[in-house]
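Accompanying notes for the structure given below.
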Amino acid sequence: MKATWQVSERRAARLTQLDRTTLRYRSRSSSQEGLRQRLKELASIHVRFGYRRLTVLLRREGWKVNAKRIYRIYSQEGMQVRTKVRKKIARRQRVPAPQATRPNQCWAMDFMSDQLADGRGFRVLTVVDLFTRECVTLLADHRLSGAKVAEELSRVCAEKGCLPQSITSDNGSEFSGRAMEAWAIQHDVQLAFIRPGRPMENGFAESFNGRLRDECLRVSWFPNLAEAQRRLSAWREHYNQKRPHSALQDRTPDEFAALSGTSEDGHFALVHNQKASSGGRQGFPAAAKAALDRLLRLPKTGSYEGEAPKPKPSQTGVGYWSLQRLWKARQSGLGGVLTGRISSYRW
């Protein structure tokens, strides 16, 4: 203020309501540069020691300090130790999810859980092809570690005779562990991890899991693990070979995989991203389609078949403001004054 407005110290203190002794105060404490430097050296050696243990070490060396002074210097230098344990996530760099342009290029995998008849739980490994929507495998077991996941992927790849370029999954320990990382490096497969707490980034797997639970797990009774695996395999065969998929023009994943190379570019068999037929289909009746289609909507005439015609304000002989005054008169109890006008209106 003194430099900007060219005022005296007394006037600046009076304007800011600051005591002149406070303004002129100068600290008499030592710089403690030696203590600060030694504290940095000890913190660099014992990286997981907090300020209390560093205080003990300094006292052992002969420094006459207390914990409050060390904490003040400790905080000023930003040497706080992170005590919150972070969740272990994938060590691979996250990149945008690749777009599938052909079969067996991009897969997605996830876990599901259910119970047997005796109450014991089991997990199901689900793997889906992002291009053909094919269910690549369904593996049920009481415990599914990263080694078992890698073993199942190796078996599936050997059966298909090819490897995917990328596999999308969440950050579970089974997918981000060393077993899966070693398998991915050995087979040159990219592991595309989604962000923690964002399951919608693995939407294909989540959508498939909903179909599996709704059509198989909720309607089946599993006496043992072998029966669960048998029914899951039967449902997988039905899903790939018989169940129509709306995103594939009501084709099955196997049919779409067979047609995937028939287009001109050799990548995508669907000419339009629409349904297979223009008529009604399961879960979407023709009446609902007519209601949603702009070209098939009924004309906006104000009346439809089976509905009494509504009078327009011009047909009643009473304007909008007249109707409003009549309504206010009725609410205030003065309706008798305007009885004639009210009776002349066709309600």
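The values are calculated or read from the model by the stated rules, or taken from the named source; none is laboratory data. Note that the structure is a prediction, hence the values are computed from the model and not measured. Quick reminder, even Gly has a Cβ in these numbers, built from the backbone with ideal geometry, and neighbours come from all protein chains shown. Surface areas here come from the heavy atoms of the whole protein model, side chains and all, with no ligands, DNA or RNA. Shrake-Rupley method; radii C 1.70, N 1.55, O 1.52, S 1.80 Å.
Quick check: is even one residue across region 97-115 part of a loop (DSSP other than H, G, I, E, B), surrounded by fewer than 13 Cβ atoms within 10 Å (Cβ to Cβ) and at pLDDT 90 or above? Checking region 97-115: not a single residue is part of a loop (DSSP other than H, G, I, E, B), surrounded by fewer than 13 Cβ atoms within 10 Å (Cβ to Cβ) and at pLDDT 90 or above. Of all residues in region 224-241, those that are open to solvent by 60 Å² or more (accessible area, probe 1.4 Å), out of contact with any helix residue (DSSP H, G or I) (no Cβ under 8 Å at 6 or more places or on another chain) and either within 13 Å of D110 (Cα to Cα) or part of a helix (DSSP H, G or I) (or both) total 5. Here T83 clears all of (1) touching a helix residue (DSSP H, G or I) at 6+ places or on another chain (Cβ under 7 Å); (2) at pLDDT below 90; (3) more than 30 Å from N240 (Cβ to Cβ) except the condition numbered (1).
Looking across region 154-167, just one residue is closer than 16 Å to T126 by Cβ and open to solvent by 50 Å² or more (accessible area, probe 1.4 Å), and that is R155. Any residue that is within 54 Å of the chain's Cα centre (by Cα) and open to solvent by less than 50 Å² (accessible area, probe 1.4 Å) - is there at least one of those in region 16-32? Looking through region 16-32, at least one residue is within 54 Å of the chain's Cα centre (by Cα) and open to solvent by less than 50 Å² (accessible area, probe 1.4 Å).
Within the group R213, R155, which residue is basic (K, R), touching a residue at least 24 places away in the same chain (Cβ under 8 Å) and part of a helix (DSSP H, G or I)? One residue alone meets the criteria, R213. Regarding P164, is this residue within 27 Å of the chain's Cα centre (by Cα), assigned to a loop (DSSP other than H, G, I, E, B) and more than 25 Å from P103 (Cβ to Cβ)? Taking the combined requirement at face value, the residue does not satisfy it. All of (1) modelled with pLDDT of 90 or more; (2) exposed (fewer than 10 other Cβ atoms within 10 Å of the Cβ); (3) part of a helix (DSSP H, G or I) hold for L58 with one exception: (2). Of R53, R48, R36, which residue is open to solvent by less than 70 Å² (accessible area, probe 1.4 Å), charged (D, E, K, R) and within 30 Å of V81 (Cα to Cα)? R36 is the lone residue from the list that is open to solvent by less than 70 Å² (accessible area, probe 1.4 Å), charged (D, E, K, R) and within 30 Å of V81 (Cα to Cα). For region 43-50, the criterion of being in contact with a helix residue (DSSP H, G or I) (Cβ under 8 Å, 6 or more places away or on another chain) and not in a loop (DSSP other than H, G, I, E, B) is met by at least one residue. Residues that are surrounded by 14 or more Cβ atoms within 10 Å (Cβ to Cβ), closer than 22 Å to C106 by Cβ, under 24 Å from the mean Cα position of the chain (by Cα) and not aliphatic (A, V, I, L, M) do occur in region 209-223. Of all residues in region 168-185, those that are within 17 Å of R198 (Cβ to Cβ) and either among the basic types (K, R) or not in a helix (DSSP H, G or I) (or both) total 5. Scanning region 168-198 for residues that are open to solvent by 60 Å² or more (accessible area, probe 1.4 Å) and within 13 Å of the chain's Cα centre (by Cα) turns up R195, P196, G197, R198.
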